[in-house]
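Enquirer: One structure is given below, represented as structure tokens, and several questions about it will come after.
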Amino acid sequence: MRSTAIKLALTVVGMVLSVLLLRWTHWGGGFVTFIIAFLLSVLYGLDLGRELRNAPNPSPLQRLAGLVFGVPQALLGLVCIGAGGLIVVWVLYNSLVERLPDYSGSFLSFGLGPALIGVGYVWLRSAFVRDAKADLSPEEDPN
């Protein structure tokens with residue numbers, strides 16, 4: 001858990017330093033560095049939240065931090081569900097109601113819509129709960 005927290009802190013520091021670098025030097029690489037650090041900070045934040053929620057004997061502060069780190073994961077899940085739902089509705093509307101000029105697909109061109117809905121559901125469902133494997137004692141673990 002400590003290494004994930006350190007990685008998250010380093011990415012946040014990297015974002016700040018890249019903004020300062022961009023401000024002082026006007027070098028475009030600072031923006032690319034910021035984007036990479038931002039994406040990594042989101043991933044490390046999700047990992048840290050999962051590790052805090054799955055801690056063996058969490059303190060009240062660790063439980064609260066696990067819930068706080070679960071909020072971005074839940075929001076990401078909601079965005080995925082919304083985007084996937086909009087893709088499915090767009091395809092169904094163009095296939096069943098009226099074919100708009102911008103639409104070039106067919107009835108079977110749902111694309112990533114159902115996958116986004118599924119992934120969003122999994123992320124939303126697991127945002128505030130412990131993993132089932134974390135509840136197993138070492139004797140009960142099948143692996």
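Enquirer: Which of 53, 2, 130, 125 comes first, and how do the rest follow, when ranked by fewest Cβ neighbours within 10 Å?
Expert: 2, 125, 130, 53
Enquirer: Rounded to whole Hz and in sequence order, give me ³J(HN,Hα) for segment 54-62 from the Karplus expression 6.51 cos²θ - 1.76 cosθ + 1.60, θ = phi - 60°, writing x for Gly and Pro.
Expert: Values per residue, Gly and Pro as x: 9, 4, x, 10, x, 6, x, 5, 5 Hz.
Enquirer: What is the local net charge at residue 5, summed over the other residues whose Cβ is closer than 13 Å to its Cβ (Lys, Arg +1; Asp, Glu -1)?
Expert: For residues surrounding residue 5, the net value is +1.
Enquirer: To continue, here is another question. Out of 122, 97, 88, any idea which swings most in a Gaussian network model of the chain, alpha carbons joined below 10 Å?
Expert: Maximum among the listed residues: 97.
Enquirer: Most mobile of 33, 25, 11 per a Gaussian network model of the chain (Cα springs, under 10 Å)?
Expert: Highest fluctuation among the options: 25.
Enquirer: Further question: Pick out which of 29, 113, 45 has the largest mean-square fluctuation in a Gaussian network model of the chain, springs linking Cα atoms closer than 10 Å.
Expert: Among 29, 113, 45, the largest GNM mean-square fluctuation belongs to 29.
Enquirer: Provide Rg over Rh for segment 1-53; use the alpha carbon set for both Rg and the Kirkwood Rh (inverse mean inverse pair distance).
Expert: That ratio equals 1.10.
Enquirer: Let me check against my output: what whole-number percent is the relative contact order of the chain, with C-alpha pairs under 8 Å and at least 6 apart?
Expert: 22
Enquirer: I need the calculated FRET efficiency for the pair residue 71 and residue 32, taking r as the beta carbon distance and R₀ as 25 Å, to the nearest 0.05.
Expert: Using R0 = 25 Å, I get an efficiency of 0.35.
Enquirer: Using +1 on the beta carbon of Lys and Arg, -1 on that of Asp and Glu, and nothing else charged, what's the dipole of the chain about the Cα centre, debye to 20?
Expert: The calculation lands at about 400 debye.
Enquirer: Just round it to a whole percent: the fraction of Cα-Cα distances in the chain exceeding 27 Å.
Expert: Cα-Cα pairs in the chain separated by more than 27 Å: 46 percent.
Enquirer: Excluding residue 48 itself, what net charge comes from residues whose Cβ is under 13 Å from its Cβ, given Lys and Arg +1 and Asp and Glu -1?
Expert: So the environment of residue 48 carries a net charge of +2.
Laboratory data are not the source of any read-out in this text; all were calculated from the coordinates shown. Keep in mind it's a predicted model, so treat the numbers as computed, not measured. A quick note on method: Cβ atoms are made from the backbone with ideal geometry, for glycine too, and the neighbour counts reach across all protein chains shown.
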